[in-house]
Amino acid sequence: MLDATTRDAFLGGRVVLRQPRDGYRAATDPVFLAAACPAKSGDHVLELGCGVGAAALCLAARVAGVQIFGVERQADYATLACENAAVAGANLRIVQADLTALPADLRQMQFDHVIANPPYFGAGEGSRAKDAGREAANREDTPLADWIGVARARLKPGGWLTLIHLAERLPDCLGALADGFGAVAVLPLQPRAGRAASRVVIRARRAARTPFTLLAPFLIHEGSVHGADAPDYTAQAQAVLREGAALRFPGDD
């Protein structure tokens, strides 16, 4: 069991999470993921690899009336997600399971939305993290194509998959989405003006035929370098990360 934890605020304090001090720690990526999911009240949402519940609880804070199921294979993280959901009073059910071996009741369900922040690094890439939880969260054990395949199987026809991933893994994501998805839209997350996008948010719709769309980059920080004395988020990033605004794509209401 994880002994050393911290309590951290998201969305300007609307969400407070207990998470490991030294393991995998949620930062801005799950907030962007939750903000990009076009769920509406009454929708059913499945998060694959939910960690301590950051994305799920940020989504629940923004969209009242959603019912969310979170799947997390690391038992300690699943336990923290359950505690965080209970404290928040969110309609979030946590299932401790590997996404490739979902329990029977989940395999019989279909969802309006699936969201996921898959591990960014492939097997054998880079240096291993010292902490086992961080290593498991950051490095692929289950291939990315399997994450997307499970999402496809759990989505209703016309349901939406929302992902956040490294920009360099975009070709892998698009290759996996070619089987059974359309209406693919990619939003690059650009850390600062003049720099390459480091992350991408991807939306895709099951069984759709709408063409691919590459959106204009979303700029996160003002200025060319970090200012140590003051926050430097752009107004649009501040709205998403601190005020709980949606990360809107063309066609969103």
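The single condition among (1) without any contact (Cβ under 8 Å) to a residue 40 or more places away in the chain; (2) buried (at least 19 other Cβ atoms within 10 Å of the Cβ) that LEU163 does not meet is (1). Exactly one residue among CYS50, CYS82 is part of a loop (DSSP other than H, G, I, E, B) and either of a type outside the set (Phe, Trp, Tyr) or in contact (Cβ under 8 Å) with a residue 40 or more places away in the chain (or both), and that residue is CYS50.
Residues of segment 77-107 that are open to solvent by less than 50 Å² (accessible area, probe 1.4 Å), touching a Leu at 6+ places or on another chain (Cβ under 9 Å) and farther than 24 Å from ALA36 by Cβ: ALA97 alone.
Against the definition (open to solvent by 30 Å² or more (accessible area, probe 1.4 Å), in contact with a strand residue (DSSP E or B) (Cβ under 6 Å, 6 or more places away or on another chain) and touching a residue at least 40 places away in the same chain (Cβ under 8 Å)), how does ARG199 come out, yes or no?
Here the answer is yes, as ARG199 does meet what is asked.
Restricting attention to segment 62-70, does a residue exist that is at pLDDT below 95, under 17 Å from the mean Cα position of the chain (by Cα), open to solvent by 50 Å² or more (accessible area, probe 1.4 Å) and within 19 Å of ALA26 (Cβ to Cβ)? No, segment 62-70 has no match at all.
Taking the criterion of being under 18 Å from the mean Cα position of the chain (by Cα) and either small (Gly, Ala, Ser) or assigned to a loop (DSSP other than H, G, I, E, B) (or both), the residues of segment 15-33 that qualify are GLY23, TYR24, ARG25, ALA26, ALA27, THR28. The criterion of being open to solvent by 60 Å² or more (accessible area, probe 1.4 Å) and free of Cβ contacts under 8 Å to residues at least 12 places away in the same chain does not hold for ALA239.
Give ARG209, ARG205 a once-over and let me know the one that is in contact (Cβ under 8 Å) with a residue 24 or more places away in the chain, closer than 20 Å to ASP252 by Cβ, in a strand (DSSP E or B) and open to solvent by 10 Å² or more (accessible area, probe 1.4 Å). If you could, list the steps in order and put the result at the bottom.
Working: ARG209 fails: in a strand (DSSP E or B).
The match here is ARG205.
The values are calculated or read from the model by the stated rules, or taken from the named source; none is laboratory data. Owing to the predicted nature of the structure, the values given are computational and were not obtained by experimental measurement. Here the Cβ is made from the backbone with ideal geometry for all residues, glycine too, and neighbour counts use every protein chain on show. Ligands, DNA and RNA are excluded from the accessible area calculation, which covers all protein heavy atoms including side chains. Shrake-Rupley method; radii C 1.70, N 1.55, O 1.52, S 1.80 Å.
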